[in-house]
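The values are calculated or read from the model by the stated rules, or taken from the named source; none is laboratory data. Predicted model, so just to flag it, every value in this text is computed and none were measured. Glycine gets a Cβ as well: all are built from the backbone with ideal geometry, and neighbour counts include every protein chain shown.
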Amino acid sequence: MDAIQQHMLDTYRAAQLAEPAPPSPGRHDRAVLRDLYHHWLTHPPHPARPAFEDGTPSPGTRH
């Protein structure tokens, strides 16, 4: 099931329950990417600090 089909199903369920419709897919993508970009500017990755909690290297790094 893709995002559009899930949104259609969620919208139908919300209508059946007289609840407000969920936001459309991708509505907040720009804000999320902007916040992520600002986070990376203020907290750049560092070799001594792993990008992931389990210590696996971040995608695109070589070992």
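Only one of the numbered conditions (1) on the phi > 0 side of the Ramachandran plot; (2) more than 18 Å from the chain's Cα centre (by Cα); (3) at pLDDT below 85; (4) not hydroxyl-bearing (Ser, Thr, Tyr) is not met by PRO50, and that is (1). Whenever a residue of the stretch 27-39 is under 22 Å from HIS7 (Cβ atoms), it has no partner that is in a helix (DSSP H, G or I) lying with C-beta atoms less than 8 angstrom away and at least six residues away or across chains.
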